[in-house]
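Structure, as structure tokens:
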Amino acid sequence: MLKKLLIPRTLLLLIPVLLQLAVLISIVMRFNEFFSYFYFVSVLISMVVVIGILNSRSNPAYKIAWIIPIMLVPIFGGLFYILVGRNKLNKRERERMTFIDQKTVEALQQHDEVLYRLADINPNAVIQSRYIQDFAYYPPYQTGQVEYLNIGEVKFLRLKEELRKAQHFIFLEYFIIEEGKMWNSLLEILLEKVEEGVDVRLIYDDVGCLFTLPKDYDKKLEAMGIQCSIFNPIKPILTMKGNNRDHRKIAIIDGHTGFTGGINLADEYINEIDKYGHWKDTAIMVKGKPVWNMTVMFLSMWDYLRGIDEDFSHYRNFSHAEETDGTHSFIQPYADSPLDNEPVGQTVYLNLISKATKSVYITTPYLIIDYEMVNALTTAAKGGVDVRIITPHHGDKWFVHSVTRSYYRILMESGVKIYEYTPGFIHSKTFVVDNEYAVVGTINMDYRSLYLHFECGVWMFRTEAIKLMTADFMGTLAMCEAITIETIQQTFWLRRLGRFILRIFAPLL
């Protein structure tokens with residue numbers, strides 16, 4: 001029944017776009033006697049666009065991925081980039097985003113005293129933490145507790161347990177929601193909480209839910225008493241706004257308990273349905289003062305979408321037990337925005353790799369990386385660091401999976417070890433370094449996550465959860481196939497060529 005409702009929605013979006021293209025083509029054909037002038041103006045526009053791209057602050061690989069098609073098809077390439085390729089807000093949206101950024105900075109007071117204590121323990125750790133505080137504005141905490149959730153089924157159970165305890169508010173922000181066992185079970189709890197007077201709010205991404213939720217689902221939830229906002233609603237016009245998506249997965253209960261990680265609210269994430277074999281995903285539950293960072297990132301997005309100005313302090317740390325992992329443990333939830341020209345997610349990963357002295361253990365569904373990341377990984381491996389990366393054996397998108405595999409050889413020739421998760425699809429996004437540092441979050445190792453999406457993660461230093469993450473990584477390795485140079489060499493040459501061609505356009509995938 002749901003698919004029947006979704007198909008008309010996609011057609012309603014696609015047909016106007018096709019009509020716009022048809023009108024553009026018909027105009028060109030109608031005035032074919034002026035084609036030489038049209039061609040000259042189009043080429044001029046493309047040249048100006050290319051110059052603009054070259055002088056922009058975008059990632060070099062992203063520039064190349066656009067410049068090549070523009071030069072190959074100059075008559076429409078420049079115009080197409082202007083419509084869908086730029087990553088800019090209009091003046092009104094910039095003013096709204098600037099206002100929200102200011103509120104975020106005001107709500108998140110810097111914790112320099114925590115940084116001083118961290119510096120005494122480990123100078124390398126404080127460099128990483130200070131960057132997150134100074135450039136993402138999210139401070140570190142020495143109090144709080146984290147629980148590593150090594151599979152979607154465990155996160156599902158813990159989330160239900162915590163939701164049932166809510167007394168004041170529940171905030172949910174997810175890229176994908178799909179009706180089924182997982183979402184329906186959670187919705188039942190949310191509706192109970194609405195009846196109890198709990199403030200329940202939900203944000204979901206329109207592209208993420210295009211094929212999973214019917215049109216106007218937000219209105220249905222509003223009628224039930226759940227406040228709902230859609231991030232960047234899809235409109236049936238050629239527009240640049242579709243580039244930026246809300247890829248976060250956040251759940252916050254009463255300001256003292258928060259969840260994030262790779263797990264969306266759909267049944268494949270808890271292996272209730274089989275999409276690409278066994279689905280391996282992870283999450284983190286945070287308790288205590290660090291949850292304030294997560295509350296602020298939700299409220300910042302909520303106020304931006306609603307165009308309102310709330311007093312964030314009303315939602316700060318409702319009653320909670322002051323729990324800690326120990327005096328030498330540090331927790332720092334953080335967010336990344338594609339609109340501030342600061343690649344926080346990328347830089348956090350690079351800092352982790354560059355400071356490694358023993359090991360770097362990574363799980364990622366996509367390995368679509370730029371020169372900086374390749375250089376960081378290969379340099380670490382050449383220096384004797386044990387660098388291991390687990391990727392899926394069964395990809396969810398064949399072209400993305402092909403690009404992922406195209407990076408294997410250059411990494412392995414420098415000593416990086418690559419493993420594929422043979423039971424199915426690994427969707428977790430985790431870093432564990434030297435068994436001391438870790439990140440669990442929503443940030444994939446691809447261009448969209450690192451440069452175009454709203455993302456979040458939790459940086460940790462010497463928490464108990466890190467030991468569990470290392471153990472889980474090693475346990476997952478036992479279910480993986482180790483990739484060898486011989487395996488890559490045996491791949492049909494035409495397939496290897498196709499992978500390299502796709503890699504050129506990887507930033508656009």
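When the C-alpha to C-alpha distance is required to be over 21 Å, the pairs from 382/417; 181/397; 103/235; 397/429; 155/467; 280/382 that qualify are 181/397; 103/235; 280/382. Shown here for segment 326-394: trypsin sites (Lys or Arg not before Pro) in loop regions (DSSP other than H, G, I, E, B) with at most 16 other Cβ atoms within 10 Å, namely 358. With the simple model of a label 7 Å out from the Cα in the direction of the Cβ, residue 167 to residue 474 spans 4.1 nm. Extension gain for the segment residue 339 to residue 39, taken as residue separation times 0.36 nm less the Cα-Cα distance, is 104.7 nm to one decimal.
Under a 5 Å amide H cut-off, with hydrogens placed 1.01 Å from N, residue 443 pairs with 456 among residues at least 5 apart or on other chains. Among the DSSP helices (H) of the chain, those spanning at least 27 angstrom by Cα along their long axis with an average Kyte-Doolittle hydropathy of 0.5 or more are 2-30, 35-54; this is a geometric and hydropathy rule only.
Sorting the segments 117-124, 299-306 by their mean number of nearby beta carbons within 10 angstrom, highest to lowest, gives 299-306, 117-124. Could you grab the relative contact order for the chain? Cα pairs under 8 Å, six or more apart, rounded to a whole percent. Across the chain, relative contact order equals 17 percent.
Residue separation of residue 223 and residue 106 scaled by 0.36 nm, minus their Cα-Cα distance, works out to 38.7 nm of gained length. Taking the average, over residues, of other Cβ atoms within 10 Å as the packing measure, peptides 193-199, 44-50, 391-397 rank 391-397, 44-50, 193-199 from highest down. Taking chymotrypsin sites (Phe, Trp or Tyr not before Pro) across segment 158-246, the ones in a DSSP loop with at most 14 further Cβ atoms lying within 10 angstrom of their Cβ are 211. Note on residue 500 and residue 195: their simple-model spin labels are 6.4 nm apart, each label 7 Å out from Cα toward Cβ.
Which of these values of Kirkwood radius over Cα pairs in Å was calculated from the structure shown: (1) 24.0; (2) 24.7; (3) 23.3? The calculated read-out lines up with (1). Compared with the direct C-alpha span, the chain from residue 116 to residue 72 gains 10.4 nm at full extension, assuming 0.36 nm per residue.
Placing a label point 7 Å from the Cα of residue 96 along the Cα-to-Cβ line, the residues of segment 278-311 whose backbone N sits under 12 Å from it are 301-309. If R0 is 56 Å, the Cβ-Cβ spacing of residue 313 and residue 422 corresponds to a FRET efficiency of close to 0.70.
A short reminder: the numbers here are calculations on the coordinates, not readings from a lab. Just so we're clear, the structure is a prediction, and the values are computed from it rather than from any experiment. A quick note on method: Cβ atoms are made from the backbone with ideal geometry, for glycine too, and the neighbour counts reach across all protein chains shown.
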